[in-house]
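The values are calculated or read from the model by the stated rules, or taken from the named source; none is laboratory data. Bear in mind that the values here come from a model prediction, so they are computed numbers and not experimental data. Here the Cβ positions follow ideal geometry from the backbone for every residue, glycine too, while neighbour counts run over all protein chains shown. Protein only, heavy atoms only, side chains kept; ligands, DNA and RNA dropped before computing areas. Shrake-Rupley method; radii C 1.70, N 1.55, O 1.52, S 1.80 Å.
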Amino acid sequence: MSLTVLMNAGPWLSVPPPGYGGIENVIATLVPELRRLGVRVVLASVGDSTLPVDELVSVFPEGQFASLQRPYNQVCGVAQAHLAGVVRELHTRDDIDLVHDHVEAVGLATLTAMGADAPPVLHTLHWDLAKHPALYGTLDGGGRVRVNGVSASQLARAPQALRDHSVGHVHLSTPLAVDADRRPRPAKGDHVVVLGRINPGKGQDLGARLAHRVGFRLVLAGPVGPYHRPEDLAAAGEEARQNPDVRFFVEEVAPYVDGDLVRWVGTVAGRERDDLLATARVALFPLRWEEPGGTAVVESLALGTPVVGIARGCLPELVAHGRTGLLTADEEELGELVLAASVLDPDECRREAVARFTPAVMAERYLTLYERVRKLAATP
Ligand code: UDP
């Protein structure tokens, strides 16, 4: 008998997302693999989602992302309207075996409140939860509602109420890992790259400082707040600094950006992003926060670029120290590790990605969790 899963992506962006969209990207990667494994997928999203599924359920014709800039009660209103649609759907049919929910605390609360006859729920945690204990404080799903993390470290730091309902973690994957060991290998350049939102947690200031101290070329790629291109930030007025990430960049990172040793290239996408990562000799993660899932880490490995970083968050789970990268808890040692990483073998990174970070590996792991959640729900 085939399994039918209602995948709740929420009302914010279509799936796949038009540009930015971490959660929607995960769903767009997971669903085709689940369907290949014989799962029927009913997607709860917005009307203009184009991901091939067995059925699409929507309340809004298009993504409501712009509402996230509105007052909090309006944001909640949009989320609640979407969830009411999902709950209505669940009440009118009996073929849904499981709900796989991605809609943060509000989605989980709504699905938890459904009666005991409702299908079991697996809710995927996408955030660093240590900072948001109150969000999930009221979770009481009985045996019906379970959660999973995107890394063991994220779960270990999650509030107890969540850990009590956890069925494990599933690492993030990347389509770049498919056949990564068979793709042509580009020549390596002499640059190191930091790929990600410019943000104190991602530590671009530390990376830039070390580049000057140790002497390596560093490319910083990623948006600064809402600014995707250096010229847009340059044209923005003083008020742009109201944004904390802009302030961080201007005060802590820009003093090191000399256009030669350290460059900021803005957001990179598609082929440009892949080429920048694949030709880098190292992908650097000078973290100052507990990275929950680390998509950019698995992308780097899939493109044959060793990872050097601070041993925080999910990094020690994703990177094999001495084989696919080098990790340290010591910020000052990080610069030396960038130089030492030249002994690491890019092919080893690609092979690791093929073995651990393909969408197929992720989908199989989720199937195992779905079974676990259903079994737990069926046990009185
Ligand atoms: N990314 C991108 N272009 C950029 C910066 C980031 O495409 O200039 C992508 C990156 O490749 C990854 C995602 O944005 O797929 C960031 O996800 P990650 O989990 O690494 O970090 P988050 O922003 O979710 O903390």
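May I ask you to derive the relative contact order of the stretch 176-356, considering only C-alpha pairs under 8 Å and at least 6 residues apart, and to give it as an integer percent? Show your work: numbers first, answer last.
Numbers: 345 pairs, mean separation 48.1, N = 181.
The value is 27 percent.
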(message) Counting only protein heavy atoms and a 1.4 Å probe, tell me what percentage of the chain's accessible area is made up of carbon and sulfur.
(response) 53
(message) With the crude spin-label approximation of a point 7 Å out along Cα→Cβ, what separation in nm comes out for D275 versus R35?
(response) 3.2
(request) At 1.4 Å probe size, with no ligands or nucleic acids counted, give the accessible surface of D260 in Å², nearest ten. (result) 100
(request) Just subtract the alpha-carbon distance of E62 and E332 from 0.36 nm times their residue separation and send over the number in nm, one decimal. (result) 92.5 nm
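Per residue, how much accessible area does the chain show when a 1.4 Å probe rolls over the protein heavy atoms, in square angstrom?
42
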(message) Not counting ligands, DNA or RNA, and with a 1.4 Å probe, what is M114's accessible surface area in Å² rounded to the nearest 10?
(response) 20
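Work out the length of the dipole vector of the stretch 172-236 about its Cα centre, built from +1 on the beta-carbon of each Lys and Arg and -1 on the beta-carbon of each Asp and Glu, and round it to the nearest 20 debye. Provide the component values of the computation, followed by the final result.
Values: 10 positive and 6 negative charges, 43 e Å.
In total the dipole reaches around 200 debye.
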(message) Please list, by residue number, everything in the stretch 330-365 whose backbone N is under 18 Å from a paramagnetic label point 7 Å out along Cα→Cβ of H321.
(response) 330-345
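Give me the net charge of P359's neighbourhood, meaning all other residues with Cβ under 11 Å from the Cβ of P359; Lys, Arg count +1, Asp, Glu -1. Write down the numbers at each step before the final one.
Values: positive: R36, R365; negative: E33, E364.
My count for the surroundings of P359 gives 0.
For L51, what charge total do you get from the other residues with a beta carbon under 13 Å from its beta carbon, if Lys and Arg give +1 and Asp and Glu give -1? Mind dumping the intermediate values first?
Numbers: positive: R35; negative: E24, E33, D48, D54, E55.
Taking every other residue near L51 into account, the sum is -4.
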(request) Just reorder K202, K188 by solvent-accessible area, largest first, 1.4 Å probe, all chains present. (result) K188, K202
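Using heavy-atom solvent-accessible surface (probe 1.4 Å) with all chains present, what is the largest-first order of Y366, Y72? Before the final figure, lay out the partial values.
Numbers: Y366 5, Y72 175 Å².
From most exposed to least exposed: Y72, Y366.
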(message) For a test of the definition: using alpha carbon positions, the gyration tensor, and the 1.5 limit on a/c, classify the stretch 28-137 as rounded, prolate or oblate.
(response) rounded
(message) Can you give the local net charge around V121? Use residues other than it whose beta-carbon is closer than 10 angstrom to its beta-carbon, Lys and Arg +1, Asp and Glu -1.
(response) +1
(request) State the answer as a single residue: which of L277, V246, C349 lies farthest towards the positive end of the charge dipole of the chain, with beta carbon charges of +1 for Lys and Arg and -1 for Asp and Glu, about the Cα centre. (result) C349
(request) Identify, among F216, V361, P61, the residue whose Cα sits farthest towards the positive end of the charge dipole of the chain, taking +1 on the Cβ of Lys and Arg and -1 on the Cβ of Asp and Glu, with the dipole about the Cα centre. (result) V361
(request) Calculate the dipole size of the chain relative to its Cα centre from +1 charges on Lys and Arg beta carbons and -1 charges on Asp and Glu beta carbons; express the result in debye to the nearest 20. (result) 520
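With a ≥ b ≥ c the root eigenvalues of the C-alpha gyration tensor of the stretch 151-270, is it rounded (a/c under 1.5), prolate (a/b larger than b/c) or oblate?
Values: a/c = 2.02, a/b = 1.28, b/c = 1.58.
Oblate, because a/c is 1.5 or more while a/b does not exceed b/c.
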